[in-house]
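Coordinate-derived values only; no laboratory data. Every value quoted in this text rests on a predicted model; they were computed, and no experiment measured them. Ideal geometry is used to build each Cβ from the backbone, glycine not excepted, and the neighbour counts take in all protein chains shown.
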Amino acid sequence: MWTICGLLLLASAINYMDRQTLAGASVRITREFHLNQAGYGEIEAVFGYAFAAGSLVFGWMADRFGVRALYAVVLLLWSVAGIATGFVHTPHQLLVCRALLGFFEAGHWPCAIRTTRLLLDPSRRSFGNGLLQSGASLGAILTPLVLRGLMGPGEGGWRVPFLVVGVAGLGWLIPWLLLVRDRDLRHRDEATPAAASGNSNAGGPSLWDLLGSRHLWIVFGLIACINTTWQVSRAWLMKFLQEGRGFGENDALLLNSAWFAAADVGCILAGAVVMRLALRGVPVHRARVWVFGGCAMLCALMGLLPWLGRGPVLLAVLGLSAAGSLGVFPIYHALTQDLPERFQGRITGMAGVAGWLAPAQAQHAFGVLADRTGSFDLGLILAGFLPTFALLLLIVCWRPVTPRGGR
């Protein structure tokens, strides 16, 4: 069980290494292609729109087909798209590669969330999801170090990391196919074809019932808020450090790595604290709300940015907000896993649309705002307060769901 969770962690790491390589080299790439901040925002937006489309496609496929084979296919295809990015020579080619990367990377989350749903009972899912989500920041921690070691001087020096990271993704396929079997990812409720297909006659609510559910629409609102905070922060951090605060490239890469390390700690701790509180007798939903609230307060520290220069207080605020911005995700994923199991892939996919359309719009708007104001601070502040809105939505509107299909 935990071996498979470890492979999911590695898949998340690879997913983010492919994604974050562009952000880490963003200053070089925008200079080479003569892009302003809005132009860079458009590239990040295209990734987001493609991710939203892929979320629908692969969300449906994760419920319809075996996760083991589907996971291997999407990871193969996004790795190829990442490798192709290293060969682009025009902004249009870059946009196409980022669109393909976003589309196929979207398959990671429906496959991974469905896998942890099948493996873990409700009290352990926040921790399992924390391990899964922490892989994202692990990959992002490694990416600046890879860039620092592999980027060559001058124009085009940013290309090699895209090739190396893409090839690493292909290597993940070997242990996944050798160590994981279809029977490892078969839920006991999937013993009948009706249950596996999501037939409404198999018991429980139908898909149409789910679409009319208040809980599902709250999930959409939650992910739109928290994913906008995370995606805006991770995409613009290097530009904020280099162009907004005057750090050199090498120092900014190291700080970028430290930022993701802080996010990783926050992610694992959030899931572990929820599990610990639940084992001590605190109702699971109450434990989730408490931890979500603490993470939201850490994100809101970004409101201090206009008064911070380049000193240690700035680094502390960035680190604490990083921990909060990723710490909310294990709790969000656990909430989606309380909804009907046979729709898990489609729930994750539909939520992915809401969770990526909002950041895609925000990325372009962030770039326009940065061009107009000459600063990245206001955009980061606005992003930092979105988890507080998500917390209010969770407290006021969510009612605990009795989990189905756990084991």
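Quote the convex hull volume per residue of the stretch 25-176, based on C-alpha atoms, as a whole number of Å³.
Working: hull volume 17.6 nm³, N = 152.
That works out to 116 Å³ per residue.
Using θ = phi - 60° and the Karplus relation 6.51 cos²θ - 1.76 cosθ + 1.60, list the HN-Hα couplings for the stretch 231-243 in order, rounded to whole Hz, with x at every Gly or Pro.
Computed from phi, the couplings for the stretch 231-243 are 5, 5, 5, 5, 6, 10, 4, 5, 5, 4, 5, 7, 8 Hz.
Lys and Arg at +1, Asp and Glu at -1: add these up for the other residues within a Cβ distance under 12 Å of residue 248 and post the number. Present the calculation step by step, with values, prior to reporting the outcome.
Working: positive: 148, 245, 310; negative: 243, 249, 251.
With Lys, Arg at +1 and Asp, Glu at -1, the neighbours total 0.
Note down the magnitude of the dipole of the stretch 257-356 about its Cα centre, charges +1 on Lys and Arg C-beta and -1 on Asp and Glu C-beta and zero elsewhere, to the nearest 20 debye. Working shown, then result.
Details: 7 positive and 3 negative charges, 31 e Å.
For the stretch 257-356, the charge dipole is close to 140 debye.
Could you state the number of Å between the C-alpha centres of the stretch 56-86 and the stretch 288-316?
Between the Cα centre of the stretch 288-316 and that of the stretch 56-86, the gap is 35 Å.
With axes computed from alpha carbons, what is the tilt in degrees of helix 67-85 against the longest principal axis of the chain, rounded to the nearest 10 within 0 to 90?
Compared with the principal axis, the helix lies near 10 degrees.
Mind checking the angle between helix 91-105 and the chain's longest principal axis? C-alpha axes, 0 to 90 degrees, to the nearest 10.
Tilt relative to the chain: about 20 degrees.
Please work out the Cα convex hull volume for the stretch 316-389 and give it in Å³ per residue.
Numbers: hull volume 6.7 nm³, N = 74.
Hull volume normalised by residue count: 91 Å³.
In debye to the nearest 20, how big a dipole does the stretch 43-169 give about its Cα centre with +1 on each Lys and Arg Cβ and -1 on each Asp and Glu Cβ? Don't skip to the answer; put the middle values down first.
Working: 9 positive and 5 negative charges, 64 e Å.
With Lys and Arg at +1 and Asp and Glu at -1, about 300 debye.
How do 252-264, 286-298 rank on mean C-beta neighbours within 10 Å, highest first? Please list the in-between numbers first.
Values: 252-264: 22.7, 286-298: 20.8.
Peptide ranking by packing, descending: 252-264, 286-298.
Let me spell out the model: positive unit charges on the Cβ of Lys and Arg, negative unit charges on the Cβ of Asp and Glu, origin at the Cα centre of the chain. What dipole size does that give, in debye rounded to 20? Write out the running numbers ahead of the final one.
Details: 31 positive and 21 negative charges, 196 e Å.
Using only the charged Cβ atoms, the result is roughly 940 debye.
Using only Cα atoms, find the angle between the long axis of helix 312-336 and the longest principal axis of the chain, and express it within 0 to 90 degrees, rounded to the nearest 10.
30 degrees
Which of the following values of P(r) over Cα pairs in 10 Å bins from 0, in percent was calculated from the structure shown: [x] 4, 18, 23, 20, 13, 10, 8, 4, 1, 0; [y] 4, 19, 26, 24, 17, 7, 3, 1, 0; [z] 5, 24, 35, 25, 10, 2, 0?
[z]
What order, most packed first, do the peptides 146-156, 369-379, 52-62 have when packing is the mean number of other Cβ atoms within 10 Å of each residue?
Working: 146-156: 14.7, 369-379: 17.0, 52-62: 22.7.
For the peptides 146-156, 369-379, 52-62, the packing ranking is 52-62, 369-379, 146-156.
Taking K and R as +1 and D and E as -1, what net charge do the other residues with C-beta under 12 Å from the C-beta of residue 322 add up to? The partial results should precede the final answer.
Working: positive: 234; negative: 264.
Taking every other residue near residue 322 into account, the sum is 0.
Using +1 at the C-beta of Lys and Arg and -1 at the C-beta of Asp and Glu, which of 268, 378, 247 has the Cα lying farthest in the positive direction of the dipole of the chain?
Working it through, the farthest residue towards the positive pole turns out to be 268.
Report the calculated FRET efficiency for residue 276 and residue 388 (r = Cβ-Cβ distance, R0 = 25 Å), to the nearest 0.05. Mind dumping the intermediate values first?
Details: r = 24 Å, r/R0 = 0.97.
Calculated transfer efficiency: 0.55.
Sort 285, 89 so that the residue with the fewest other Cβ atoms within 10 Å of its own Cβ comes first and the one with the most comes last.
Details: 285 19, 89 10.
By the 10 Å Cβ count, ascending, the order reads 89, 285.
Going by average Cβ neighbours within 10 Å, how do the peptides 224-232, 276-284 rank, with the highest at the top?
224-232, 276-284
Under 8 Å for C-alpha pairs, at least 6 residues apart: give me the relative contact order for the chain, rounded to a whole percent.
Numbers: 702 pairs, mean separation 123.0, N = 407.
Reported as a whole number, the value is 30 percent.
Sum up the charges of everything whose Cβ sits under 13 Å from the Cβ of residue 13, counting Lys and Arg as +1 and Asp and Glu as -1, but leave residue 13 out.
So the environment of residue 13 carries a net charge of -2.
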